[in-house]
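S.K.: Got a structure for you, questions after.
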Amino acid sequence: MDERPQLTGPTRRQVYRRRVVALVVVAAAAGGGVWAAWAALTGDGKATTPTTTLALPTVVKVLFPEGFTRAQMAARAASVSTRITARSYLAATASSALPGRFAGDGKKRSLEGFLFPATYDVYETDPAATLVRKQLEAFTSSWAKVKLGYARSKNLTAYDVLIVASMIEKEVIVPRERALVAAVIYNRLRQRIPLGIDATLRYGLGIPPTQAITKQDLASSSAYNTRRFPGLPPTPIASPGLASMQAAAHPAKVDYLYFVRTPDCRTHFFTASIDEFDAYTRKGLTNC
C-alpha cells in the first residue's frame, strides 16, 4: 500500500491571498503603493488613500519692549510660553563669551544688553535657547548698523557703547534727547565726574521705579552706584533699541554736563553750568 500523503491543490482562499500579495508587490514597484493594489482588487479604481492630520505646535508672540532687563524678559517669556520658564530663560542668558568679545577682555558675562528688544514668534514648545538665539540674531543685525569710529576715538570699547546705550534707553522718553544724554555721559567720562544716573543704582540694588531712592541707597558701595563712583557701570542695565545704540556711538556736539526732568516728566532740562542746574532743581518743579 502507498503510504505517501495525498497532495491537494491550494484552496480558493489561499489563491485569493496570493493574488493580493502579488498585486501589492506590482503596484508598489510601479509607485502606486498598497492602496493602488486594493483599488485594483475592488475594481473601481477610485480607492482613496486615508490622510493623517498632524497638528503643529501653536505659535506664540513674545513682545520685549526697549529697556527691558533680562529679569523682565524672563518673566515675559514665561507668561506666554508653555515650555519656557523664567529660570530656564535666565539660565540660557547667564553666561556668554559675546560680551567679552565686545569688551576685548575675553571674560564671560551675562547677556544683559544683548537681548534685542522686539516681537518674536516662537512655537509654544520651543525652549528658551531658541528664543535667545532669535534675539541674538536680531541684535547682530542691528549692531552691524552702528558705526563705532567716534566712540573708539574716545577710548570706548563696543561694550562701553552698549552700556551707554542701555543708560540712554532707561533715561530718555523723547527721541531727540537721546544724543543729548549721550553727550552728558561722554562729557562726564572725559572729566571724570560721576555720571549720577539713578537708573544704574536701581538696577544694581534692585530698586523698582515706584520706590524712592534713599540716602542709604546713595551711600551704597555697589559698582552700579554712579552717583558715588566715576566711570561706567560694569554691565549694561537693560537691552537698548537701535536708536539708543546709534546715539551712544554718536553723541550730540554740546558741552552739557547736567540734566534733570522737567515738570512734564518726559523731557529734560540740560545745562553745562552747575549753578543753572542747582537753581533749576531748587525750584522743585518736578517730582518725577
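Where a number appears in this text, it was derived from the coordinates with a stated rule and is not lab data. As the structure is a prediction and not an experimental result, all values here were calculated from the model. Quick reminder, even Gly has a Cβ in these numbers, built from the backbone with ideal geometry, and neighbours come from all protein chains shown.
S.K.: Three principal axis extents, largest first, for the C-alpha atoms of the range 115-201, in Å?
M.R.: So the extents along the principal axes, rounded to whole Å, are 51, 27, 23.
S.K.: Also, quick follow-up: Say each of residue 110 and residue 141 gets a label point 7 Å from the Cα, pointing the same way as Cα to Cβ; how far apart are those two points in nm?
M.R.: In this crude spin-label approximation the distance works out to 2.6 nm.
S.K.: Assuming R0 = 22 Å, can you tell me the calculated FRET efficiency for the pair residue 129 and residue 66, based on Cβ-Cβ distance, to the nearest 0.05?
M.R.: In this case the efficiency is close to 0.45.
S.K.: Please compute the length gained on full extension between residue 58 and residue 265, using 0.36 nm multiplied by the number of residues separating them and subtracting their Cα-Cα distance.
M.R.: This chain segment gains 70.4 nm when fully extended.
S.K.: Return the FRET efficiency for the residue pair residue 287, residue 193: r is the Cβ-Cβ distance, R0 is 25 Å, and the value is rounded to the nearest 0.05.
M.R.: Here the calculated transfer efficiency is 0.50.
S.K.: Cα centroids of the range 68-141 and the range 210-288: how far apart, whole angstrom?
M.R.: Centre-to-centre distance over Cα atoms comes out at 27 Å.
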